[in-house]
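K.L.:
Here it is: the structure, laid out below.
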Amino acid sequence: MLHQLLTKIINTGIGGTRRWLASIGLFVAVLLILLATQLQVNYNNLLYGSSNRDSIANFLVINKVVDGNKMDNSLTSKEINQLRQQPFVQAVGELTNSRFKVSAQSPSNQVPFYTDLFFESVPNQFIDVQNKGWTWKQGDVTIPMIVPNQFLDLYNFGFAPSQNLAQLSQDMVMALPVVINVQHPGGLQTFTGRVVGFSDRISSVLVPENFLDWANKQFGTRQQANTSRVVIRTADAGDPALAVYLKNNGLKTDAEKTRFSKYRLIVDVVVKASASTGVVLLLFALLVFSLFVQLTIAATSADIQLLVSLGTSPTQLQRFLMQKFMPANLIICAVCLVTVWLVQFAAQQFLINQQLLISPMLSLYTVAAALAIILVLWLVTRATVRKYIFSVAG
Amino acid sequence: MNIQINGLVPLPLQDKLSNRPSDIWLTQTTFTSGNKIKIKAASGTGKTTLVHMLYKLRHDYVGEILINGRLLPTIKNNQLAALRQQSLSIVFQDMRLFDQLTALENIELKRVLAQPVLYQSKVIGQMAEQLGILHILNQKAGNCSYGERQRIAIIRALMQPFKWLIMDEPFSHLDHLNIDKAASLIATECAKRAAGLIITDLEHDAHFDYTQQYQL
């Protein structure tokens, strides 16, 4: 009842346009900040997340520069340990070579082919293809393989047209079994090879680590060989310290991958700019809002004075005015959250086609940012209301 | 709850009032709880000023006002509101109604201001009937006549608990019959609360059974 009467008394003094302008300003500011937060979270997820399609970003295959002056370009365990200790290196995976002779051939006479081959393996966490078929246990005759995407490209766009052969899709290659022959001192052992995935990260023919360990023990003709290449995971492929380290130690990596750091820099700037714009806008919106509150109180100061002289307490008035201003703020923040969620959902749908996985839901950081904004709005509104009520009330 | 004044005089009237005898200004006076006080004064001698000073609407005076032994200027904000909700009720000379509200809403506002409420809503109707303004309860206060506004202001003042009812020329626009009705209602309500009243007026009157009468 008191609330209704106060609404009747205090509403009469306030202009609608100003209120709308203040609300729109606040909406834009909150939306910008929340979008920037969500963007930053998505971006971090894409960069550092462990989803299976964040393929090339932070994994670098590193090997010695081959300049023809040395016979052996393998990495010593000392060199690998040293690499492991660098601050920009999060993990190091050694590529293990096959130490036996392998060849592959077609099982059918209609598409005859034969090639000598090699295998390498690397711990699973460094592989950008996760597939149910990527397992092997002792006794299995089928060996899953991961081949580089470039192999298929070389075949489809170089070899096949020149030999008048049909081009092959990834699915077709994955459906074709291959006969794998392993030569060893005791004779010849035959396996069936099946391609289960294509990697952008590692230019090699990969087989499961446990198969290669077993096969090297079983068929190996040489002693444990030095590692010739390693895969490293880094937080920042564009870290200048990384580039300097590689150069000083005669190491190299795929330059293509470090180019990503330039795009990242641009995205970083864009995200930070939109966040800063959001913060500046929020400050302006808060200013406009607090002016709006002041104006409301000033426009009805005679009524507020009378209310106070009739015995309305400043606390009652403060509570009433907070109830008057805060719901609009809450609605604005809620609408902004829903808008950002819709944008996020649309972005997720769009990016899934680009092989980029982000969550369709809002991040906790975004929700936390919204809550923080509500808290700031509450504090600013409360401070303004208190200041002006007490000044009017005398 | 006693009201005490010590050497009180409003600053703007200081020179004018210093050379003139008065029962109130520049004296030590105590209004004892439950008493009915009449303060008579000619125009321009500071009746409204005194009422506003007692109600802490004005601070431009020398001397002291103490309510229950406490200096009035030390009572602030929420404490002052509590005092006005529970202990001091007032009928202003200029009524001070919200013109945009109806007569009923003006009274309701006061009724619901202090929690828990003293009276149910129907009491408003009973009092309005008693004072002959039942028919205008749903009119905007801004559209009511002066006499009607005075009666709205009186009923509004009676909606709350109080120890003192302060009235500044509350009957100036009422005829004798209506004054009698209003005074009777006020006396009943004061008796219910064992409250005192302070009334200012231009002339001598016998509306209440006064305990003390002062010349301002």
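K.L.:
Taking R0 as 56 Å, what's the FRET efficiency between A:Thr76 and A:Ala334 from their Cβ-Cβ distance, rounded to 0.05? Intermediate values should be presented prior to the final figure.
P.N.:
Values: r = 60 Å, r/R0 = 1.08.
After rounding, the FRET efficiency stands at 0.40.
K.L.:
Also, quick follow-up: Please report, in debye to the nearest 20, how large the charge dipole of chain B is about its Cα centre when each Lys and Arg carries +1 at its beta carbon and each Asp and Glu carries -1 there.
P.N.:
On the way: 23 positive and 19 negative charges, 127 e Å.
Roughly 600 debye for chain B.
K.L.:
Give me the Kirkwood hydrodynamic radius of segment A:63-135, using the inverse of the mean 1/r over all pairs of distinct Cα atoms, in Å to one decimal. Could the numbers behind the result be given before it?
P.N.:
Working: mean 1/r = 0.0623 Å⁻¹.
So the Kirkwood estimate lands at 16.0 Å.
K.L.:
Which angle between 0 and 90 degrees, to the nearest 10, do you get for helix B:77-86 versus the longest principal axis of chain B when only C-alpha atoms count?
P.N.:
Tilt of helix B:77-86: around 60 degrees.
K.L.:
Continuing with the same structure: Okay, helix-only estimate at 222 nm for chain B: each DSSP H run of n ≥ 4 adds -39500 (n - 2.57), divide by all residues, round to 500 deg cm²/dmol; what do you get?
P.N.:
Details: 7 runs with 74 residues, N = 216.
-10000 deg cm²/dmol, from helical runs alone.
K.L.:
If you place +1 on the Cβ of every Lys and Arg and -1 on the Cβ of every Asp and Glu, how big does the dipole about the Cα centre of the protein assembly as shown come out, in debye to the nearest 20? Walk me through the numbers on the way to the answer.
P.N.:
Details: 53 positive and 39 negative charges, 141 e Å.
The dipole magnitude comes to about 680 debye.
K.L.:
Summing -39500 (n - 2.57) over the DSSP H runs of n ≥ 4 in chain A and dividing by its residue number, what mean residue ellipticity at 222 nm do you reach, to the nearest 500 deg cm²/dmol?
P.N.:
On the way: 13 runs with 209 residues, N = 394.
Value at 222 nm, helices only: -17500 deg cm²/dmol.
K.L.:
Compute the long axis of helix B:176-193 from its Cα atoms, compare it with the longest principal axis of the Cα atoms of chain B, and write down the angle in degrees, 0 to 90, nearest 10.
P.N.:
For B:176-193 against chain B, the angle is about 80 degrees.
K.L.:
Would you please state the base-10 log of I(q)/I(0) at q = 0.19, 0.26, 0.27, 0.29 1/Å for segment A:166-205, with intensities from the Debye formula using one equal scatterer on every alpha carbon?
P.N.:
Ignoring solvent entirely, the Cα scatterers give -0.71, -0.93, -0.96, -1.00.
K.L.:
If you project the alpha carbons of segment B:4-101 onto the principal axes, what extent comes out on each, in Å, largest first?
P.N.:
Extents along the principal axes: 43, 33, 26 Å.
K.L.:
Return a whole-number percent for the relative contact order of chain B, with Cα pairs under 8 Å and 6 or more residues apart as the contact set. All intermediate terms of the calculation are to be shown ahead of the outcome.
P.N.:
Details: 371 pairs, mean separation 70.1, N = 216.
It comes to 32 percent, rounded to a whole number.
K.L.:
Relative contact order for segment A:59-257: what is it in percent, counting Cα pairs under 8 Å that are at least 6 residues apart?
P.N.:
Working: 357 pairs, mean separation 76.8, N = 199.
Answer for segment A:59-257 is 39 percent.
K.L.:
Exactly which chymotrypsin sites (Phe, Trp or Tyr not before Pro) in segment A:98-168 are in a DSSP loop and have at most 15 other Cβ atoms within 10 Å? Let's see the in-between values first.
P.N.:
On the way: sites: A:Phe100, A:Phe113, A:Tyr114, A:Phe118, A:Phe119, A:Phe126, A:Trp134, A:Trp136, A:Phe151, A:Tyr155, A:Phe157, A:Phe159; in loops: A:Phe100, A:Phe113, A:Phe118, A:Phe119, A:Trp134, A:Trp136.
Sites meeting the loop and neighbour criteria: A:Phe113, A:Phe118.
K.L.:
Please work out how much length the chain gains when fully extended from A:Gln349 to A:Asn124, using 0.36 nm per residue of separation minus the C-alpha to C-alpha distance, in nm with one decimal. If you can, show how the numbers build up before the last one.
P.N.:
Working: separation 225, 0.36 × 225 = 81.00 nm, distance 2.82 nm.
This chain segment gains 78.2 nm when fully extended.
K.L.:
As an exercise, use a Förster radius of 60 Å and the Cβ-Cβ distance of A:Ile24 and A:Thr142 to find the FRET efficiency, rounded to the nearest 0.05.
P.N.:
Details: r = 64 Å, r/R0 = 1.06.
E between A:Ile24 and A:Thr142, to the nearest 0.05, is 0.40.
K.L.:
Please list the helices of chain A that count as membrane-span-like by this rule: a mean Kyte-Doolittle hydropathy of at least -0.5 together with Cα atoms stretching 20 Å or more along the helix axis, each helix being a complete DSSP H run.
P.N.:
Values: long enough: A:16-48 (47 Å, 0.94); A:260-299 (57 Å, 1.69); A:314-352 (55 Å, 1.07); A:364-393 (42 Å, 1.59).
Result, helices passing both filters: A:16-48, A:260-299, A:314-352, A:364-393.
K.L.:
Helix B:103-113 against the longest principal axis of chain B: what's the angle in degrees, Cα atoms only, rounded to the nearest 10?
P.N.:
In chain B, helix B:103-113 runs at an angle near 60 degrees to the longest axis.
K.L.:
Springs between alpha-carbon pairs under 10 angstrom, Gaussian network model over chain A: which of A:Ala160, A:Ala347, A:Ala237 fluctuates most?
P.N.:
Looking only at A:Ala160, A:Ala347, A:Ala237, the biggest GNM fluctuation is shown by A:Ala160.
K.L.:
Also: Evaluate the distance, in nm, between pseudo-label points positioned 7 Å from the Cα of A:Ala372 and of B:Ala187 along their respective Cα→Cβ axes.
P.N.:
7.0
K.L.:
If I build a Gaussian network model for chain A, linking alpha-carbon pairs within less than 10 angstrom, which residue out of A:Asn181, A:Asn156, A:Asn109 has the largest mean-square fluctuation?
P.N.:
A:Asn109
K.L.:
Taking every pair of alpha-carbon atoms in chain B, what share in percent sits in each 10 Å bin, from 0 to the bin with the longest distance?
P.N.:
Calculated P(r), rounded to whole percents: 8, 35, 36, 18, 3, 0.
K.L.:
While we're on this one: Which value, in debye to the nearest 20, gives the size of the charge dipole of segment A:59-257 about its Cα centre, when Lys and Arg are +1 and Asp and Glu are -1 at the Cβ? Don't jump to the answer; show the numbers that get you there.
P.N.:
On the way: 17 positive and 17 negative charges, 96 e Å.
So the dipole magnitude of segment A:59-257 works out to roughly 460 debye.
K.L.:
I'd like to know how segment A:139-293 sits against the 2.2 N^0.38 Å rule of thumb: what's its Cα Rg over that expected value?
P.N.:
1.72
K.L.:
Please build a GNM for chain A, connecting alpha carbons under 10 Å apart, and tell me which residue among A:Asp213, A:Asp303, A:Asp67 fluctuates the most.
P.N.:
A:Asp67
K.L.:
With the cut-off at 20 Å, report for segment A:59-257 the share of all Cα pairs above it, as a whole percent. Walk me through the numbers on the way to the answer.
P.N.:
Details: 11906 of 19701 pairs.
Summing the P(r) tail past 20 Å for segment A:59-257 gives 60 percent.
K.L.:
Would you work out the relative contact order for chain A, in percent, from Cα pairs under 8 angstrom that are 6 or more residues apart?
P.N.:
Numbers: 559 pairs, mean separation 112.6, N = 394.
The normalised contact order for chain A reaches 29 percent.
K.L.:
Still on this model: Check which residues have an amide H placed less than 5 Å from A:Thr142's amide H, if you skip close sequence neighbours.
P.N.:
Hits under the 5 Å cutoff: A:Thr192.
K.L.:
Another question about this same structure. Hey, how many Å between the Cα centroid of segment B:171-191 and the Cα centroid of segment B:61-119?
P.N.:
Spelled out, the Cα-based centre of one part sits 20 Å from the other.
K.L.:
So if we plug the beta-carbon distance of A:Gln163 and A:Lys101 into 1/(1 + (r/R0)^6) with R0 = 35 Å, what FRET efficiency do we get, rounded to 0.05?
P.N.:
Working: r = 26 Å, r/R0 = 0.74.
According to the calculation, E is roughly 0.85.
K.L.:
Per q in 0.08 Å⁻¹, report the Debye log10 I(q)/I(0) for the protein assembly as shown, using one uniform scatterer on each alpha carbon and no solvent.
P.N.:
After summing over all Cα pairs, the log10 values are -0.72.
K.L.:
With each pseudo-label sitting 7 Å past Cα toward Cβ, what's the A:Leu287-B:Gln120 distance in nm, one decimal?
P.N.:
Between A:Leu287 and B:Gln120, the simple spin-label model gives 5.6 nm.
Values in this text are rule-based calculations from the coordinates and carry no lab data. Since the model is a prediction, treat every value here as computed from it, not as a measurement. Because the Cβ atoms are built from the backbone with ideal geometry, glycine has one as well, and the counts that use them run over all protein chains shown.
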